[in-house]
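Here the structure comes first, spelled out in structure tokens, and everything after it is commentary.
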Amino acid sequence: MDTLKIANREFKSRLMVGTGKYPSNETMIKALKESGAEVVTVAVRRVNLDRSKESLLDYIDLKKYTLLPNTAACYTAQDAIRTARLAREVLGTELVKLEVIGDEKTLFPDNEALLEAAKVLVKEGFIVLPYTNDDPIMAKKLEDIGCAAVMPLAAPIGSGLGIRNPYNIRIIRETIKVPVIVDAGVGTASDAAIAMELGCDGLLMNTGIAGAKDPVNMARAMRLAVEAGRLAYISGRIPKKLYATASSPIEGII
């Protein structure tokens, strides 16, 4: 079976989804189901972790979904490390989507601080999935220190601009052995398909689904696009040519 393997985990779905920005929790539940996702990410600093009170976590079936806490809104390595530790303590998972933001306007990652935080968390036994820019050198460094995957952005978070630099994404895929999961910037199904056709192992998205006019249908569209893109990649596309090639063979025709 063509499954996504991250550390000691294995998933049938290659689409991971977020839980923010939905018009309602009920819509979120329906969208998660239609997405076919098995991994759901939550921002640790933006949800109530006190299970004795109402929380976003009350709406996520933890028997069905694997929870991926993230360190969104952390601007220093120490904040990210502290947030990851809190998530492990409260949620009981070693998984963490590591974010260290470097700029409030662009939300681009601070890769120097990201690498610093990743080194600490890997040594502490976390399964680290770092959100980074589309830099092949940084991706390799993150792999070398023991990250279980790398998550390069396609475009700025929430921008919906799609894959801005497909060539860097391809280089990252060819350079490292751990899974490459595109994170941020996917706006519609065609963006998702392109990312998968480039050879990416998976996609994580939130705004592209939650911000759509119909999040539930968009979630289904994204699922189908990821599946189609992956199938096209492993099937092997025909080479691009400048001139036409006859679809029907002409050899032997008199």
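Quick one: compute the contact order of the chain, relative version, from alpha carbon pairs under 8 angstrom and 6+ residues apart, as a percent. Could the numbers behind the result be given before it?
Working: 511 pairs, mean separation 47.2, N = 254.
Computed value for the chain: 19 percent relative contact order.
Which length gain, in nm to one decimal place, applies between Arg82 and Lys33 when the Cα-Cα distance is subtracted from 0.36 nm times their residue separation? Please list the in-between numbers first.
Details: separation 49, 0.36 × 49 = 17.64 nm, distance 3.15 nm.
Going from the current span to full extension adds 14.5 nm.
For region 1-109, state what percent of all Cα-Cα pairs lands in each successive 10 Å bin, counting from 0 Å until the bin that includes the largest distance.
Each 10 Å bin holds this share of Cα pairs: 13, 43, 36, 8, 0.
Please work out how much length the chain gains when fully extended from Asp103 to Leu224, using 0.36 nm per residue of separation minus the C-alpha to C-alpha distance, in nm with one decimal. Walk me through the numbers before you get to the answer.
Values: separation 121, 0.36 × 121 = 43.56 nm, distance 3.36 nm.
Length gained between Asp103 and Leu224: 40.2 nm.
Please report Rg (one decimal) and Dmax (integer) in Å for the Cα set of region 1-47.
12.4, 36
Counting only protein heavy atoms, what percent of the accessible surface of the chain is carbon or sulfur at a 1.4 Å probe? Can you show the working numbers first?
Numbers: 6780 of 13090 Å².
Carbon plus sulfur share of accessible area: 52 percent.
Would you mind computing, in nm to one decimal, how far apart the modelled labels at Asp61 and Ile145 are, each placed 7 Å from Cα along Cα→Cβ?
Taking the simple label geometry, Asp61 and Ile145 are separated by 3.8 nm.
How big is the shadow of the Cα convex hull of region 103-254, averaged over all directions, in nm²?
Averaged projected area of region 103-254's Cα convex hull equals 12.6 nm².
If one puts a single equal scatterer on every Cα of region 50-99 and applies the Debye formula without solvent, what log₁₀ I(q)/I(0) results at q = 0.16 Å⁻¹?
Scattering profile of region 50-99, log10 relative to I(0): -0.49.
What distance in nm separates the simple spin-label points at Tyr75 and Asn168, each placed 7 Å from Cα in the Cβ direction?
For the pair Tyr75/Asn168, the computed spacing is 2.3 nm.
For Tyr131, Tyr22, Tyr59, Tyr233, give the ranking by accessible area with the largest first, probe 1.4 Å. List each step's numbers first, then the result.
Details: Tyr131 0, Tyr22 30, Tyr59 70, Tyr233 95 Å².
Largest accessible area first, the list is Tyr233, Tyr59, Tyr22, Tyr131.
Straight-line reach only, C-alpha to C-alpha below 18 angstrom: list the aspartates and glutamates that Lys123 could link to, leaving out same-chain residues fewer than 8 apart.
Here the aspartates and glutamates satisfying the reach criterion relative to Lys123 are Asp79, Glu89, Glu94, Glu99, Glu112, Glu143, Asp144.
Based on the Cβ-Cβ distance from Glu10 to Asp214, what FRET efficiency comes out when R0 is 35 Å, to the nearest 0.05? Intermediate values should be presented prior to the final figure.
On the way: r = 31 Å, r/R0 = 0.90.
It comes out at approximately 0.65.
Hey, could you pull the Cα Rg and Dmax for the chain, both in Å?
19.1, 82
Relative to the longest principal axis of the C-alpha atoms of the chain, give the angle of the C-alpha long axis of helix 215-235, reported between 0 and 90° and rounded to the nearest 10°.
In the chain, helix 215-235 runs at an angle near 50 degrees to the longest axis.
Distance in nm between label sites at Asn25 and Lys177, each 7 Å beyond Cα in the beta-carbon direction?
With each label placed 7 Å out from Cα toward Cβ, I get 4.4 nm.
Averaged per residue, what accessible area in Å² does region 51-185 show with a 1.4 Å probe, protein chains only? Show your work: numbers first, answer last.
Working: 6180 Å² over 135 residues.
Solvent-accessible surface per residue comes out at 46 Å².
Where Rh is the Kirkwood radius over the Cα pairs of region 194-254, the temperature 20 °C and the viscosity 1.002 mPa s, what D in µm²/s does Stokes-Einstein return? Walk me through the intermediate numbers first.
Working: Rh = 14.5 Å.
So the translational diffusion coefficient is about 148 µm²/s.
Quick one: which residues, 5 or more positions from Gly18 or on another chain, have an amide H under 5 Å from its amide H? H modelled 1.01 Å from N in the peptide plane, none for Pro or chain starts.
Correct list: Thr41, Met205, Asn206.
So if I take the alpha carbon set of region 64-185, get Rg, then get Rh from the Kirkwood formula, what is the Rg over Rh ratio?
Working: Rg = 13.5 Å, Rh = 14.2 Å.
On the Cα set of region 64-185, Rg over Rh gives 0.95.
The values are calculated or read from the model by the stated rules, or taken from the named source; none is laboratory data. Treat the numbers as computed from the prediction; the structure is a model and nothing was measured. Here Cβ is always computed from backbone atoms with ideal geometry, including for glycine, and neighbour counts include all displayed protein chains. Only protein heavy atoms, including side chains, enter the accessible area calculation; ligands, DNA and RNA are left aside. Shrake-Rupley method; radii C 1.70, N 1.55, O 1.52, S 1.80 Å.
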